[in-house]
Amino acid sequence: MAAPFIEMRDITKLFAKVVANRRVNLSIGRGEVVALLGENGAGKSTIMKVLYGLYHADSGTILVEGERARIESPKDAMSLGIAMIQQHFSLVGPHTVVENIVLGNVRGIIDARACEGKVRDLAGRYGFDIDPRAIVRELPVGSQQKVEILKALYQDARLIIMDEPTAVLTPQESESLMGFVRAYAEAGNSVVFITHKLKEVMEVADRIVVMRSGEIHGERKREETDERELSSLMIGHELPPLPPSSPAAEGAPVALRLELVNARDRRGVVCLRDLSLSIREGEILGVAGVSGNGQDELCEVVCGSRQASSGSVRLGERDLAGVGIRERIELGIGYVPADRQRDGVVMEMSLAENMILKSSFGKVWRRGPFLDLRRIAASARKAIEDYSIKAPGPEALAKGLSGGNQQKLVVAREVEGSRRLIIFNQPTRGLDLGAIDYVHTTILGEKRKGKAVLLVSTELSEIFALSDKIAVMYKGAIMGIFPKAELSMERIGLLMAGYSGVGA
Amino acid sequence: MINLLANALLMSTPLLFGSVAEVLAERSGMMVTAIEGIFLIGAFSGFVGAYACKSLLVGLAAALGSGVVVAALYGWITVYLKQHQVVTGTAINILVAGLCSFLMRVFFGVPVIPLTVEPLKKLPIPLLSGIPLLGPILFAQNALTYAAYLIVPVAWFVLYRTSLGLTIRSAGDNPEAVDVAGEDVDALRFSLVLVAGAMGGIAGAFYSIGYLGMFTTNIIGGRGWIAFAICFLGNWNPLGALAGTLVFGVAEAVAISMQSSGGGQLVPNELLIALPYILTIALTMARRSFNVPGKLGVPYAKEG
Amino acid sequence: MKARFLDLLVSVAAAVFLGLAASAAIMLFLGKDPLSAFGLLASSLIRDKYTFADIFVKAAPLILTALAFAVPYKASLFNIGAQGQFYVGALVASAVSLAVGGRLPGVLGQAVALLAAAAAGGLWGSFVGFAKARFKANEFLISMMSTYVALAIMNFFLRTSLMEAKHEYPQTDSFDQGVWLPLIVGDTRLHAGFALAVLIAIAIWLVIYRTPFGYRVRVVGYNADAARLAGIDSKRTYVATFFIAGALAAAAGFVETNGVQHMLVQGFNPGLGSEGIGIAILANANPIGIVFASILFGALKGGGVIMGQMSGIPASIIEIMEGCVMIFVILSYFARSIVERRREKRELQRRMPA
């Protein structure tokens, strides 16, 4: 057999705090679709970033078509025909589609019309419906991803690496992406698909490589394996099943009620449309939907960082119109935000200081005019113990903690600080399985305590495992609220894409 | 009135050099907070060069060169060492201020009569300066002002119609995209800082050898910062910078003419002197910046 | 933690040393002898009580203008207007001192002048914070421009209503002795203003690091988004920190007019604002560090004046020294981050099995 297109030998990559890749050996053939499977933190993105020249390996070699290759930058990778589409797109928002595609690929005076023509042709060839003159930041995420793909195609890429591409797509957009992958591979090109979703892997991959803790833990051809085997390779052991969640008490009082809530963003665009829902004490309402359909705005309207333009938001009997964030915290609303580093944690402050983030106003931590540092530290120590946060002590800076431990810190703080309602927005994004399990157990614990729980997540498995009722959001409106038992994967997929037809 | 407008254009010249240079640098993500120091060293070197060699050309060359040197120091620390732009700029401004007074004293001691050079002469363009109204305003200026006329269209063209301009604009919003496209973000930013050094140096020299004909330690008096402010107020666009510059040029020309014509009876002198600064404050509050380059002021640090 | 503190001390000391060395190089380049000049500087400082005490006289207003930069800095804001806030304070302190001197008992008169100055400076400064809060205006530019406006205002009053009786120079009459700040060491110029400045620095440290308000200022400075979701109003923080900063710089104005000059002179102490910024950076915005750094700058300034008088080196060498020290401090930040990163990587490589 001819030498594989790409071969990576013995690649090791260290970061300041962790070994990301340990002696990884990987090969990719021409016309092959390779799925790189593993949970968060397994090292999949890292190894591909080494191939793409974003990272420099600490040891090991890369061979392209049998020849040693020096890849020191993405430019080197591109000249060898290797392109990568990352989770966070490298697009310039305020620029047009053409400007983005042409960046770095054109010299001297730009002939706008010629470039536009070329882009239009390329898009047409693969069936992408994109206006070259559109401003990128105004495009839906699925289209932005297509712009990234066009950029790679414009430069004649022979290998496209995609990092978790379906995280931001509707089920229908994912289908269309899979179609592109198959067509592209059939034309003799290669694709590496980084993901943690078993279903996609079985759909589109020729060969599957499983990674765990920075090492390769198995390689299988698609025909020779199934989801269960892959899952156990990925995880390494059986997870204890979650304790069965008791059904919510029927007659419990309603803790949160939204009625016909509308909201607009800064530019006047409607982001929430006649939204109504209610959550009882001791009940978990899961909100499913592709990200970007108003879920964040829903959380904001409840926690107070966004005002509804019409409709009412009630906590128990209390109307929250005009009630600010600080007061809502005092009323007992907790919020675990989606972007923990930006919204949940002050990275430069210590664990102890982060614990009092929402409670600095009251008398609780005061001794005279000053802060009672000893009591704050003691309370932080208890949280570290109760939530198994891996940290040297309450003085440790938040930025020194791993993502999972930072999330535990936020969860601990919000759980302690909320009395009536707690909102979880993408609580397990980017976490390893151990931390995910912990968060799930905590969420169920909150329900047992009698709090109302609003759970927003793009991971359908999470929604199904934890929720009592499930709401599906699409373009700022609720497509329906159903008891868990009444929904199937297929139906939820249709609802997420905007089809509100009846029938299973 | 014609005199006033001609003067306005004259006073706009250094602000135009400075603000357009700032626009180019800031579009790539770099705030050149050392701009005040660059203006000052330009004024100083321009004067020293012109006085010592009895040639304005040598003065201008010295101004340009010294501006580039100061900008290089600033650029090295902020672009390559990734240190804080405001803090570094402040340090350099203090150092340059000290250096200029120090060297002034060392070179010339304390002269009884202030030293002067012959400032730039007006060069009326033969036919065009005869046009009624516009002629004396636009075409009877000095060489630097004529050079300034070219700056805006050139900068605009480069920024919006060339691949270099596309790269510059992209670097200020998402430097990673530029990096991935194979361009060197740091080298680009550093070069633009050097350009700002050159243009700022010339702008500074305008005050000493282009207009006043002498050098005093507070000759710049915050005008480097006004050029910096004009970049903000002009929405990071060379045309906007032109508009902002003209507004300030008019304000400054009005202040000067009122002071010399004894307008100090109606309006206190101090208010006239403070006018450009009050104007900056008012405009800074009024302008809701739409076009701030997304990553302005943030050093670009690669991960791996 | 101990290692990091040691790192900080070593790098600051190295930066100061290198900064002075760089200025020495400049002196050498221009044909002056740096060794004798520095020797002169050092010996003159400890030579007599008067000169030594003068170090602290010069340090006093610097402590306050440095704090005026440091407090907003904790909220990630840049106050470049301390010089103008200083002038506003000096102006109001002078006006009040002239009005009440001799009519109110000494200490009361001083207190009134100080409070009036602080209030005026606070209001002047809070304007910048308000512009930032309400209009999202760039506080850097506005605070900087406000200095020139304050200067114009001060000059106006010096030319008109506050001008001395003789109407010869743009300055005020001398204050009545009752409102002079008392001396704390006889035969020197060292007045109570220094003690006041140190006490204020300690108070600011307590506020920033030990009170809920200071905690919230720091949260806003580190992460305004998280602050918002925690119910902390950033806008109020902007106004509050700029008010405090303005009051601090204005107090420096009071300290100078009532402690040293005993009158208001046009354009006096024009560098206090930028020097304050330099000191705050050197001390990493820590109030206690600011006290020590101010004393260092006070020594440089005092020594620089003497160097200028005795050895023919112009007094502006002081600014050169200050600028060089600041630049080396910035370089030391860079050096420290590299050292830190290498240390972490080495640690990891040690722990990884072969």
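The values are calculated or read from the model by the stated rules, or taken from the named source; none is laboratory data. Values in this document were obtained by computation on a predicted structure and should not be read as measured data. Every residue, glycine as well, gets a Cβ built from its backbone with ideal geometry; the counts of neighbours run over all protein chains shown.
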Exercise. When both residues are 6+ apart or on different chains and their Cβ atoms are under 6 Å apart, which pairs have a first residue that lies in the range B:252-277 and is closer than 15 Å to residue B:223 by Cβ and modelled with pLDDT under 80, and a second that is in a helix (DSSP H, G or I) and acidic (Asp, Glu)?
Worked result: none
For this session: State all residues of the range C:211-243 that are under 24 Å from residue C:60 (Cα atoms) and within 12 Å of another protein chain (Cβ to nearest Cβ); if no residue qualifies, say none.
Result: C:214
For this session: Could you tell me whether residue C:332 is within 11 Å of another protein chain (Cβ to nearest Cβ), among the hydroxyl-bearing types (Ser, Thr, Tyr) and touching a residue at least 40 places away in the same chain (Cβ under 8 Å)?
Result: yes
Exercise. Give me the pairs: first residue in the range C:9-38 and under 12 Å from residue C:329 (Cα atoms), second residue surrounded by fewer than 17 Cβ atoms within 10 Å (Cβ to Cβ), beta-carbon distance under 6 Å, and six or more apart or on different chains, which are they?
Worked result: C:11/C:336
For this session: State which residue pairs qualify: first residue at positive phi and inside the range A:62-76, second residue buried (at least 16 other Cβ atoms within 10 Å of the Cβ) in any location, beta carbons under 9 Å apart, and separation of 6 or more residues or different chains.
Result: A:65/A:4; A:65/A:5; A:65/A:6; A:65/A:80; A:66/A:4; A:66/A:7
Problem set entry | Residue among A:141, A:181, A:102 that is in contact (Cβ under 8 Å) with a residue 60 or more places away in the chain and surrounded by 19 or more Cβ atoms within 10 Å (Cβ to Cβ) | A:181
For this session: Identify all residues within the range A:306-326 that are surrounded by 15 or more Cβ atoms within 10 Å (Cβ to Cβ), outside any loop (DSSP other than H, G, I, E, B) and either in the same structural domain as residue A:356 (by TED's automatic domain parsing) or among the charged types (D, E, K, R) (or both); write none if there are none.
Result: A:314, A:326
Exercise. Pairs, please: C-beta under 8 Å, at least 6 apart or cross-chain, first residue in contact (Cβ under 8 Å) with a residue 60 or more places away in the chain and assigned by TED's automatic domain parsing to the domain that holds residue A:80 and in the range A:19-30, second among the small types (Gly, Ala, Ser) and assigned to a strand (DSSP E or B)?
Worked result: A:23/A:60; A:24/A:60; A:28/A:190; A:29/A:190; A:30/A:190
Exercise. From the set of residues in the range A:332-355 that are in contact with a Pro (Cβ under 6 Å, 6 or more places away or on another chain) and in a helix (DSSP H, G or I), which is farthest from the other protein chains (Cβ to nearest Cβ)?
Worked result: A:351
Exercise. Name the residues in the range C:313-348 that are small (Gly, Ala, Ser) and touching a helix residue (DSSP H, G or I) at 6+ places or on another chain (Cβ under 8 Å), would you?
Worked result: C:315, C:316, C:323, C:332, C:335
Exercise. For the range B:283-300, which residues satisfy the criterion of being facing chain C (nearest Cβ under 10 Å) and among the aliphatic types (A, V, I, L, M)?
Worked result: B:283, B:285, B:286, B:292
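Residue-wise test of (1) assigned to a helix (DSSP H, G or I); (2) touching a strand residue (DSSP E or B) at 6+ places or on another chain (Cβ under 7 Å); (3) within 12 Å of another protein chain (Cβ to nearest Cβ).
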| residue | (1), (2), (3) |
| --- | --- |
| C:245 | yes, no, no |
| C:256 | yes, no, no |
| C:297 | yes, no, yes |
| C:305 | yes, no, no |
| C:313 | no, no, yes |
| C:328 | yes, no, yes |
Seminar exercise, completed: Being in a helix (DSSP H, G or I) and in contact with a helix residue (DSSP H, G or I) (Cβ under 9 Å, 6 or more places away or on another chain) narrows C:13, C:111, C:93 down to just C:93
For this session: Examine the range A:54-66 for a residue that is within 25 Å of residue B:185 (Cβ to Cβ) and away from chain B (no Cβ under 12 Å), and state whether such a residue exists.
Result: yes
For this session: Among the residues of the range B:74-118, count how many are under 24 Å from residue B:211 (Cβ atoms) and in contact (Cβ under 8 Å) with a residue 40 or more places away in the chain.
Result: 14
For this session: Go through the range B:114-196 and tell me which helices (runs of 4 or more DSSP H), entirely inside it, have 3 or more residues that are within 13 Å of chain A (Cβ to nearest Cβ), in contact with a Lys or Arg (Cβ under 7 Å, 6 or more places away or on another chain) and surrounded by 20 or more Cβ atoms within 10 Å (Cβ to Cβ).
Result: B:163-173
For this session: Scan the range A:88-104 for residues that are among the aliphatic types (A, V, I, L, M), under 14 Å from residue A:143 (Cα atoms) and in a helix (DSSP H, G or I) and jot them down.
Result: A:97, A:98, A:101
For this session: Can you work out which of the residues in the range A:66-87 that are under 27 Å from residue A:138 (Cβ atoms) and assigned to a loop (DSSP other than H, G, I, E, B) is modelled with the highest pLDDT?
Result: A:86
Exercise. Under the condition of being farther than 17 Å from residue C:214 by Cβ, surrounded by fewer than 21 Cβ atoms within 10 Å (Cβ to Cβ) and within 32 Å of the chain's Cα centre (by Cα), which residue from the range A:356-382 is nearest to the other protein chains (Cβ to nearest Cβ)?
Worked result: A:379
Seminar exercise, completed: Sole miss for residue A:78 among (1) crowded, with 17+ Cβ neighbours inside 10 Å; (2) under 26 Å from residue B:173 (Cβ atoms); (3) in contact with a strand residue (DSSP E or B) (Cβ under 9 Å, 6 or more places away or on another chain) is condition (3)
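Within the range C:120-135, take every residue that is under 21 Å from residue B:231 (Cα atoms) and more than 7 Å from chain B (Cβ to nearest Cβ) and give me the one that is surrounded by the fewest Cβ atoms within 10 Å (Cβ to Cβ).
C:132
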For this session: Kindly indicate whether any position in the range A:181-194 is of a type in the set (S, T, N, Q), modelled with pLDDT of 90 or more, within 30 Å of residue A:125 (Cβ to Cβ) and part of a strand (DSSP E or B).
Result: yes
Seminar exercise, completed: Of C:190, C:183, the only residue that is more than 11 Å from every other protein chain (Cβ to nearest Cβ), more than 20 Å from residue C:247 (Cα to Cα) and crowded, with 22+ Cβ neighbours inside 10 Å is C:190
Exercise. Does the range B:70-92 hold any residues that are within 7 Å of chain C (Cβ to nearest Cβ), part of a helix (DSSP H, G or I) and not hydrophobic (A, V, I, L, M, F, W, C), and which are they?
Worked result: B:88, B:90
Exercise. Does residue B:86 count as at pLDDT below 95 and crowded, with 22+ Cβ neighbours inside 10 Å?
Worked result: no
Exercise. Does any residue of the range B:254-267 turn out to be within 13 Å of chain C (Cβ to nearest Cβ) and surrounded by 19 or more Cβ atoms within 10 Å (Cβ to Cβ)?
Worked result: yes
Exercise. Does residue C:143 satisfy being at pLDDT 90 or above, away from chain B (no Cβ under 14 Å) and part of a helix (DSSP H, G or I)?
Worked result: no
